[in-house]
Amino acid sequence: MEKLRSIQVLRGIAACGVVLLQARYTAPSDFNGSWTRLGAAGVDLFFVISGFIIATISKPSPGRFLSDRFWRVMPLWWLVAIPWQLFVPFTWSSLAATLTLWPIYEEFTKPTLGVGWTLSFEALFYLSVALTIRVGWRIPAVVFCLGLIGGLFSAGPTFDWIGNPIIFEFLFGVALARLPRDERFGLPLIALALLLFALSPLDIYPWEIAIDASLSWLRVLFWGFPAALL
C-alpha cells in the first residue's frame, strides 16, 4: 500500500471537506459563509477515490468481495445510525433505508442519519462490481445506460439511483486506475483541479442535486470532474 500513500492524503482532505460542510450548521455566523458549501465536494472526491481503490485491490470472488465490503462498512454504520433513531423522527421507509442502505421506496429515501445517502451509492457501486466479477462489465454498463435514459423520461426514484450521473464519479476512479502515470502531469493537474473547484458555483451543494438524476449532471461537471483531476 506504499504507492497509495497520496490516496490516503486525499481521503483526509475529502473528510476535512465534509466536516467543514457539517460544521457550518452549528458554527458562529462569521464562519457560516457560502464558501463552506464547497466542503460538500469532499463526497465527490470520496467517490472517485472509491472507484480507484476498488479497481486496484484484488477481488477473488463476488461473494468474498461483497463480504469484505459489508464488514468494512455496515457494522460501523449501524453503530452510529441505529442509536440515532432514538433522537429524530423517522418513517418505516427511512428506517429501512437506515438498516439496509436500500433507498428506493415510494421515493428516493435518505437514511434517518442523512449523510448515509452517500453509502447508498457506495453500496450500488459494490453490487455492480460484484456483478462485473461474475458476468463481465457489459451487463452492468447496459443497466446503467438504461437507467440514465430512463432518468431523462421518468421521475421514478429508481432511475435517481441506478441511473444517477453521480455514478460517473466512481467510473472516473476506475478509469484512473487503468491510465498510465507520469509525474510531470501531477502539479499542473492539481492546479487545474483547485482552480475549477474555486470557480464552481456554490449553490450545488444540497443533497437533492445528488439524488435528482436530472440535476446531478451539474455536480459531476463542477465537482466530479475536478475531483478526478485532483
Whole-percent carbon and sulfur contribution to the accessible surface of the chain (1.4 Å, no ligands, DNA or RNA) stands at 71 percent
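Would you mind computing the Rg to Rh ratio of segment 1-144 from its alpha-carbon coordinates, Kirkwood style for Rh? Show your work: numbers first, answer last.
Details: Rg = 17.1 Å, Rh = 17.1 Å.
Result: Rg/Rh = 1.00.
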The correct ranking of 122, 208, 169, 106 by accessible area at 1.4 Å, largest first, is 106, 208, 122, 169
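Helix by helix through the chain, keep the DSSP H runs that span 15 Å or more along the axis on Cα and average at least 0.5 on Kyte-Doolittle, and give those back in order.
Details: long enough: 5-23 (27 Å, 1.23); 41-56 (23 Å, 1.99); 62-84 (32 Å, 0.30); 117-135 (27 Å, 1.27); 138-153 (23 Å, 1.96); 167-178 (17 Å, 1.66); 186-199 (20 Å, 2.66).
Membrane-span-like by this rule: 5-23, 41-56, 117-135, 138-153, 167-178, 186-199.
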For the pair residue 6 and residue 179, the simple spin-label estimate (label points 7 Å beyond Cα toward Cβ) gives in nm 1.2 nm
Quick note, segment 119-167: a/c under 1.5 would make it rounded; otherwise a/b > b/c is prolate and the rest oblate (a ≥ b ≥ c, C-alpha gyration tensor); here it is oblate
Expressed as a percent, the portion of alpha-carbon pairs in segment 72-230 spaced more than 21 Å apart is 54 percent
The base-10 log of I(q)/I(0) that the Debye equation returns for segment 144-230 at q = 0.15 Å⁻¹, one scatterer per C-alpha, is -0.62
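Mind checking the per residue accessible area of the chain for me, 1.4 Å probe, whole number of Å²?
Numbers: 12890 Å² over 230 residues.
Dividing the accessible area of the chain by its residue count gives 56 Å².
The values are calculated or read from the model by the stated rules, or taken from the named source; none is laboratory data. What you see is a predicted model; the values in this text were computed from it and never measured. Positions of Cβ are backbone-derived with ideal geometry, glycine not excepted, and every protein chain shown enters the neighbour counts. SASA here: full protein model, heavy atoms, side chains in, ligands and nucleic acids out. Shrake-Rupley method; radii C 1.70, N 1.55, O 1.52, S 1.80 Å.
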